[in-house]
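The values are calculated or read from the model by the stated rules, or taken from the named source; none is laboratory data. Computed from a predicted model, the values in this text were never measured in an experiment. FYI the Cβ positions are ideal-geometry reconstructions off the backbone, even for glycines, and counts take in every protein chain you see.
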Amino acid sequence: MCDLVASSYQTHVKSHCHGRLLDLGCGKVPFYSLYREYVSETICVDWSKSLHGNDHLDAECDLTKELPFADRSFDTILLSDVLEHIPTPERLWHEMARLLKPGGKLLLNVPFFYWLHEEPNDFYRYTKHALRCFAEATGFEVILIKEVGGAPEIVVDIISKFISLRLGPIGKWTAGVVQTVCRELVASRLGKRVSEVTAKSFPIGYFMIARRLGDL
């Protein structure tokens with residue numbers, strides 16, 4: 001799952017990240033190395049209860065409330081694996097619209113067929129239709145929504161997590177082997193085709209890019 005998401009960002013960061021970037025729910029800032037050369041400044045934000053540590057924070061904020069930044073003060077917002085943990089998503093969408101300059105870009109990803117994680121703060125799974133609805137209702141133009149992974153990746157993700165949790169010390173190693181085999185399978189012509197076809201109805205997640213509308 002991490003490799004699939006990283007690949008989506010790697011493909012699109014150069015074209016859509018610039019200026020002041022706000023990394024919301026940044027965690028361990030996994031995509032910093034991808035976007036740092038294309039932006040002029042990075043502000044990393046997360047909440048105090050993050051399970052990923054707070055080593056990289058510029059501001060500790062509750063994403064369910066108004067954020068301490070001026071209107072139209074960012075050119076890019078990154079929201080990776082965060083939206084499903086927000087109990088009031090409409091509020092966060094309006095807040096992101098407030099913070100982005102007209103023409104600014106929002107890059108986000110969310111899981112869909114994925115296990116419960118960071119409980120009890122795991123609230124929603126979004127379809128591409130829901131993401132588009134939220135975006136358009138809050139003043140964004142959708143540039144891209146694409147499925148990330150399909151049935152093969154879902155099956156392997158479930159098996160890997162089960163193995164990792166059940167087999168003790170050798171679980172993570174065994175799960176890694178399973179994932180490596182899957183990666184090779186999906187890289188084949190047949191495997192890639194199965195993944196692409198099944199992703200339309202059974203995506204492991206979604207990646208989205210939206211542009212803030214308004215006077216430029």
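Taking each residue of the range 108-123 that is within 18 Å of Cys2 (Cβ to Cβ) and looking for partners that are among the hydroxyl-bearing types (Ser, Thr, Tyr) with beta-carbon atoms closer than 6 Å, six or more apart or interchain, yields Asn109/Ser80; Val110/Tyr126; Val110/Tyr206.
Checking each residue in the range 5-40 for being in contact (Cβ under 8 Å) with a residue 60 or more places away in the chain, buried (at least 19 other Cβ atoms within 10 Å of the Cβ) and in a helix (DSSP H, G or I) picks out Val5, Ser8, Tyr9, Val13, His16.
Apart from one condition, Ser201 fits all of (1) assigned to a helix (DSSP H, G or I); (2) farther than 30 Å from Arg72 by Cα; (3) free of Cβ contacts under 8 Å to residues at least 60 places away in the same chain; the exception is (1). Val186 meets all of the listed conditions (1) at pLDDT below 85; (2) surrounded by fewer than 19 Cβ atoms within 10 Å (Cβ to Cβ) but one, namely (2). Candidates are the residues of the range 132-176 that are in a helix (DSSP H, G or I) and hydroxyl-bearing (Ser, Thr, Tyr); the one that is farthest from Leu99 (Cα to Cα) is Thr174.
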